[in-house]
């Protein structure tokens, strides 16, 4: 029988994979993809709790997270495109202008 | 029983495609795997009796966000130059394995309540009621955030007047 | 497609397989003959007549023929007009991009033998069948739409006589390079060039 | 909801198998068979639609269209009965044609793209109620299911465009991604109005709500219907919004490198998608299988089921015909005009439509309006708002067209 821990472990593994992607990808779009993986793992977590604790809060929060992810990706891709257009760079290591 | 089979198949799909997302040399293939991963997560939601959330996942994540990412990728790359290099390989593996161990250890060590009872199925109505009553303020804040991000994206990505291209 | 080619070898072994094959031939040939999609390109004045044939009064669509812009989805190439040497490699390339089975109609005098450019032109390919195999030649300068339609119906009759898995009976190329087995293009100075070679301006000399 | 509505075709089939085999079968075993039935239906309807498209085009251009394929006697009778086997011949020909996978393509996405587009289409058809109790499975989230699944179509087009490794394909894929992402928003917002009126997402519930209101939802949400129709034309990439496959500039757009059966799958999916969006419009806005001027019987009879199915197909075919008519009479829209129309006009107007629908739903609850009252109230509100827009000098929705 599948219980709450199964879903939590799935989400933990997905989160770790996302973390690995964020740390190792150099391409900005690749980093955004890995961030989306982490968002998804959080969502699985929330939905699993919502399901097993019989509360709609998790479901409602999932939708919030999806919305925020949409906003984040919109701005993120716009930033990447803007940097690419102005500086012709896509590698995050080279975009170090904002470093103090 | 069918729930367990569905869970294992779907989580296998999700983890395999997530592995491909972070490991694939070809970033276009990584983006396609990302979409597969999103669809798998949508299946997990349906398995958790939340078909509406699954549909939203497919609509927003797979249909819009992932396509937007692919779109950004296609605009910033040459046609056959999809290969990507990576850095901080050892550190990445170390951090990810450490994170996984800590999380799984915590999950395995904790006592979970509520997992024995009969789960309820949430309809769209309960969600709507929640949004319109308890979470009204946060709902409005999220709406505002969306609007702000829409305008911000337009402002950032807009070409300057008289710019070169 | 490869599977289709192997079908007759299996079917003819079973009793009465011949009858079955005839039925299969009939269905496939009629399908191929009644949906010849032609490639959307014209080279010279014949293209005007080609357009007229596609438009309201003559209506290619009656025969099930519609144009497709990309060679990957076409069955029939109508070479309409004067084919210059510079254009010839492109036409050959387009022909090679078409999927099998493919057919060619040479429309007008220029595509048959150079037409009015037969004697004094340094830049015109004298006959499109020097580079690609042609199934039907339509005479005229330019041919009237009726003539082109007649050519298409003749091509349909040709297709209906095909047999699955057999090599198509078609007129051969006039010039084949014996070493590479590739069709050759006539070049003014040395006489022959390879079809995939693009002619540079200094290679184009007036024949005296 | 009455019980017979929930009784979907999948359930009928399940019961039949259970009756024959003497034991109950799980739904998951019935589903593949139902999907195969839908696939057959899609293929058949696409064959008919492609023939019809060519005939409509011929009629509009004063030609006769395909005449030679099919029974000659019928062709002599009238142009509308000629060439009945034309699309069958096309399909057989495409089946035996060579499949070319160009050497520089990315083979996995290249092959997966046409498969995906057909799969998506079949999956979306699951919830369409072809008649009373005649949907494969009446999901609770019907409308959202259709919208979310068909949003994956863009993915297949992007895959095709990128993996073909051709400039035309890539441009077509990029344009299509931009276009479909933009037009999905007015499309969904236009559907929100009827969802609000019906108070549910299930397709059968939409139909029953229209019976309850006494008027089809295209009256209370007229603006929504028009926006949905325009946006769905853009969504299925048909002219005048066919810039992803504009043949005068992009050869054939994202299908440039596809040949034989893989091209046929794209072709099939285009027409199946057209049928899909029109059947959603017919269900949500035009009453679905409700027969006009005829009450729905309390107990479902086979006669009413047959009549309702016929009416559903009549409504859908009418919408499909209008789409073909638009295709062959309007020139192609420029890409920037397309984006302008989607973002600056359709999207705000769809919000307006949502507002009007919400108002009408409240009025209906408070004053117990009948169908006429509901439609009059909403049309009045619409006229009022449009007049208001005239007074406050907001640019008219068609102003950008006049600048051309």
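Which of the residues spanning region A:26-62 are outside any helix (DSSP H, G or I), at the interface with another protein chain (Cβ under 7 Å from one of its Cβ atoms) and either free of Cβ contacts under 8 Å to residues at least 24 places away in the same chain or in contact with a strand residue (DSSP E or B) (Cβ under 6 Å, 6 or more places away or on another chain) (or both)?
To start, the set of residues in region A:26-62 that are outside any helix (DSSP H, G or I) comprises A:26-27, A:53-56.
Remaining after also requiring at the interface with another protein chain (Cβ under 7 Å from one of its Cβ atoms): A:26-27, A:53-54, A:56.
A:26, A:53, A:54, A:56 - these are the residues of region A:26-62 that are outside any helix (DSSP H, G or I), at the interface with another protein chain (Cβ under 7 Å from one of its Cβ atoms) and either free of Cβ contacts under 8 Å to residues at least 24 places away in the same chain or in contact with a strand residue (DSSP E or B) (Cβ under 6 Å, 6 or more places away or on another chain) (or both).
From (1) more than 27 Å from residue D:357 (Cα to Cα); (2) surrounded by fewer than 23 Cβ atoms within 10 Å (Cβ to Cβ), pick out the condition that doesn't hold for residue D:268.
Residue D:268 satisfies every listed condition except (2).
Considering (1) at pLDDT below 75; (2) in a helix (DSSP H, G or I), say which one residue D:404 fails and leave the rest.
Going through the list (1) at pLDDT below 75; (2) in a helix (DSSP H, G or I), residue D:404 breaks only (2).
Table: residues versus (1) within 10 Å of chain D (Cβ to nearest Cβ); (2) under 12 Å from the mean Cα position of the chain (by Cα); (3) on the phi < 0 side of the Ramachandran plot.
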| site | (1), (2), (3) |
| --- | --- |
| B:30 | no, no, yes |
| B:48 | no, no, yes |
| B:58 | yes, yes, yes |
| B:68 | yes, no, yes |
| B:73 | yes, no, yes |
| B:76 | no, no, yes |
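Under 26 Å from residue D:133 (Cβ atoms) and part of a helix (DSSP H, G or I): which single residue out of D:230, D:207 fits that description? Even if it seems obvious, please write down each step before you answer.
Working: D:230 fails: under 26 Å from residue D:133 (Cβ atoms).
Exactly one residue qualifies, and that residue is D:207.
Can you tell me which residue is nearest to the chain's Cα centre (by Cα) among those in region C:51-65 that are without any contact (Cβ under 8 Å) to a residue 60 or more places away in the chain, buried (at least 20 other Cβ atoms within 10 Å of the Cβ) and not in a helix (DSSP H, G or I)?
Per the criteria, the residue is C:64.
Over 21 Å from residue C:157 (Cβ atoms), more than 15 Å from the chain's Cα centre (by Cα), without any contact (Cβ under 8 Å) to a residue 60 or more places away in the chain and more than 13 Å from chain D (Cβ to nearest Cβ): does that describe residue C:48?
Details: over 21 Å from residue C:157 (Cβ atoms): yes; more than 15 Å from the chain's Cα centre (by Cα): yes; without any contact (Cβ under 8 Å) to a residue 60 or more places away in the chain: no; more than 13 Å from chain D (Cβ to nearest Cβ): yes.
The answer is no for residue C:48.
Only residues that are under 15 Å from residue D:182 (Cα atoms), surrounded by fewer than 19 Cβ atoms within 10 Å (Cβ to Cβ) and without any contact (Cβ under 8 Å) to a residue 60 or more places away in the chain: list them for region D:342-359, please.
Residues satisfying the conditions are D:344, D:348.
Could you please let me know if residue D:366 is touching a helix residue (DSSP H, G or I) at 6+ places or on another chain (Cβ under 8 Å), part of a helix (DSSP H, G or I) and modelled with pLDDT of 80 or more?
Details: touching a helix residue (DSSP H, G or I) at 6+ places or on another chain (Cβ under 8 Å): no; part of a helix (DSSP H, G or I): yes; modelled with pLDDT of 80 or more: yes.
In short, no.
Which is more than 7 Å from chain A (Cβ to nearest Cβ), at pLDDT below 85, under 19 Å from residue A:14 (Cα atoms) and in a helix (DSSP H, G or I), of B:128, B:90? Spell out the reasoning first.
Values: B:128 fails: under 19 Å from residue A:14 (Cα atoms).
Result of the check over B:128, B:90: B:90.
Out of everything in region C:34-44 that is more than 10 Å from every other protein chain (Cβ to nearest Cβ) and touching a strand residue (DSSP E or B) at 6+ places or on another chain (Cβ under 7 Å), what residue ends up being farthest from residue D:250 (Cα to Cα)?
Residues of region C:34-44 that are more than 10 Å from every other protein chain (Cβ to nearest Cβ), as a first pass: C:38-39, C:41-44.
So of that shortlist, the ones also touching a strand residue (DSSP E or B) at 6+ places or on another chain (Cβ under 7 Å) come out as C:38-39, C:42-43.
On the way: C:38: 18, C:39: 15, C:42: 17, C:43: 19 Å.
Per the stated criteria, the residue is C:43.
Identify, from the list C:31, C:47, the residue that is closer than 30 Å to residue C:125 by Cβ and either out of contact with any strand residue (DSSP E or B) (no Cβ under 9 Å at 6 or more places or on another chain) or not in a loop (DSSP other than H, G, I, E, B) (or both). Before the answer, list the steps.
Values: C:31 fails: closer than 30 Å to residue C:125 by Cβ.
C:47 is the lone residue from the list that is closer than 30 Å to residue C:125 by Cβ and either out of contact with any strand residue (DSSP E or B) (no Cβ under 9 Å at 6 or more places or on another chain) or not in a loop (DSSP other than H, G, I, E, B) (or both).
What helices (runs of 4 or more DSSP H) lie completely within region D:113-202 and have 1 or more residues being under 14 Å from residue D:244 (Cα atoms), touching a helix residue (DSSP H, G or I) at 6+ places or on another chain (Cβ under 9 Å) and at the interface with another protein chain (Cβ under 10 Å from one of its Cβ atoms)? Break it down into steps so the answer makes sense when it comes.
Details: elements: D:142-150, D:153-163, D:167-198.
Qualifying helices (runs of 4 or more DSSP H): D:153-163, D:167-198.
Among the residues of region B:1-25, count how many are surrounded by fewer than 17 Cβ atoms within 10 Å (Cβ to Cβ) and more than 7 Å from chain A (Cβ to nearest Cβ).
Within region B:1-25, residues that are surrounded by fewer than 17 Cβ atoms within 10 Å (Cβ to Cβ) and more than 7 Å from chain A (Cβ to nearest Cβ) number 10.
What residue, of C:109, C:64, C:114, C:81, is on the phi > 0 side of the Ramachandran plot, in contact with a helix residue (DSSP H, G or I) (Cβ under 9 Å, 6 or more places away or on another chain) and away from every other protein chain (no Cβ under 14 Å)? Spell out how you get there, then give the answer.
On the way: C:109 fails: on the phi > 0 side of the Ramachandran plot; C:64 fails: away from every other protein chain (no Cβ under 14 Å); C:114 fails: in contact with a helix residue (DSSP H, G or I) (Cβ under 9 Å, 6 or more places away or on another chain).
Testing whether each residue is on the phi > 0 side of the Ramachandran plot, in contact with a helix residue (DSSP H, G or I) (Cβ under 9 Å, 6 or more places away or on another chain) and away from every other protein chain (no Cβ under 14 Å) leaves just C:81.
Take the conditions within 7 Å of chain B (Cβ to nearest Cβ), in contact with a helix residue (DSSP H, G or I) (Cβ under 7 Å, 6 or more places away or on another chain) and in contact (Cβ under 8 Å) with a residue 12 or more places away in the chain and apply them to residue A:17. Does it pass? Give the steps one after another, and end with the answer.
On the way: within 7 Å of chain B (Cβ to nearest Cβ): yes; in contact with a helix residue (DSSP H, G or I) (Cβ under 7 Å, 6 or more places away or on another chain): yes; in contact (Cβ under 8 Å) with a residue 12 or more places away in the chain: yes.
The answer is yes for residue A:17.
Filter region D:66-87 for residues that are within 27 Å of residue D:331 (Cα to Cα) and within 25 Å of the chain's Cα centre (by Cα); which is farthest from the other protein chains (Cβ to nearest Cβ)?
So the residue we want is D:80.
Conditions: (1) under 14 Å from the mean Cα position of the chain (by Cα); (2) more than 23 Å from residue C:153 (Cβ to Cβ); (3) crowded, with 18+ Cβ neighbours inside 10 Å. Residue C:96 meets all but one. Number of the miss?
Evaluating residue C:96 over (1) under 14 Å from the mean Cα position of the chain (by Cα); (2) more than 23 Å from residue C:153 (Cβ to Cβ); (3) crowded, with 18+ Cβ neighbours inside 10 Å leaves (3) as the failure.
Report the residue count in region D:22-65 for those that are at the interface with another protein chain (Cβ under 9 Å from one of its Cβ atoms) and either closer than 24 Å to residue D:316 by Cβ or touching a residue at least 40 places away in the same chain (Cβ under 8 Å) (or both).
So the first thing to find is which residues in region D:22-65 are at the interface with another protein chain (Cβ under 9 Å from one of its Cβ atoms), and the list is D:26, D:28, D:54, D:57-58, D:61-65.
So of that shortlist, the ones also either closer than 24 Å to residue D:316 by Cβ or touching a residue at least 40 places away in the same chain (Cβ under 8 Å) (or both) come out as D:54, D:57-58, D:61, D:65.
Going through region D:22-65 one residue at a time, the tally reaches 5.
Being under 22 Å from residue D:166 (Cβ atoms), at the interface with another protein chain (Cβ under 7 Å from one of its Cβ atoms) and either out of contact with any helix residue (DSSP H, G or I) (no Cβ under 8 Å at 6 or more places or on another chain) or modelled with pLDDT of 70 or more (or both) is the filter here; which residues of region B:78-87 pass it?
In the first step, residues of region B:78-87 are kept if they are under 22 Å from residue D:166 (Cβ atoms); the result is B:78-83.
From what is left, the residues that are at the interface with another protein chain (Cβ under 7 Å from one of its Cβ atoms) are B:79-80.
Answer for region B:78-87, where residues must be under 22 Å from residue D:166 (Cβ atoms), at the interface with another protein chain (Cβ under 7 Å from one of its Cβ atoms) and either out of contact with any helix residue (DSSP H, G or I) (no Cβ under 8 Å at 6 or more places or on another chain) or modelled with pLDDT of 70 or more (or both): just B:80.
Looking only at region D:72-112, how many residues end up being in a loop (DSSP other than H, G, I, E, B) and either under 16 Å from residue C:65 (Cα atoms) or modelled with pLDDT of 80 or more (or both)?
Filtering region D:72-112 for residues in a loop (DSSP other than H, G, I, E, B) gives D:78, D:82-85, D:97-106.
Among the residues that remain, those that are also either under 16 Å from residue C:65 (Cα atoms) or modelled with pLDDT of 80 or more (or both) are: D:82-85, D:97-106.
Matching residues across region D:72-112 total 14.
Quick one: which of D:82, D:131 is over 19 Å from residue B:62 (Cα atoms) and either free of Cβ contacts under 8 Å to residues at least 60 places away in the same chain or in contact with a strand residue (DSSP E or B) (Cβ under 8 Å, 6 or more places away or on another chain) (or both)? First the steps, then the outcome.
On the way: D:131 fails: either free of Cβ contacts under 8 Å to residues at least 60 places away in the same chain or in contact with a strand residue (DSSP E or B) (Cβ under 8 Å, 6 or more places away or on another chain) (or both).
Among D:82, D:131, only D:82 is over 19 Å from residue B:62 (Cα atoms) and either free of Cβ contacts under 8 Å to residues at least 60 places away in the same chain or in contact with a strand residue (DSSP E or B) (Cβ under 8 Å, 6 or more places away or on another chain) (or both).
The values are calculated or read from the model by the stated rules, or taken from the named source; none is laboratory data. Every value quoted in this text rests on a predicted model; they were computed, and no experiment measured them. All Cβ positions, even for glycine, are placed from backbone atoms using ideal geometry, and neighbour counts span all protein chains on display.
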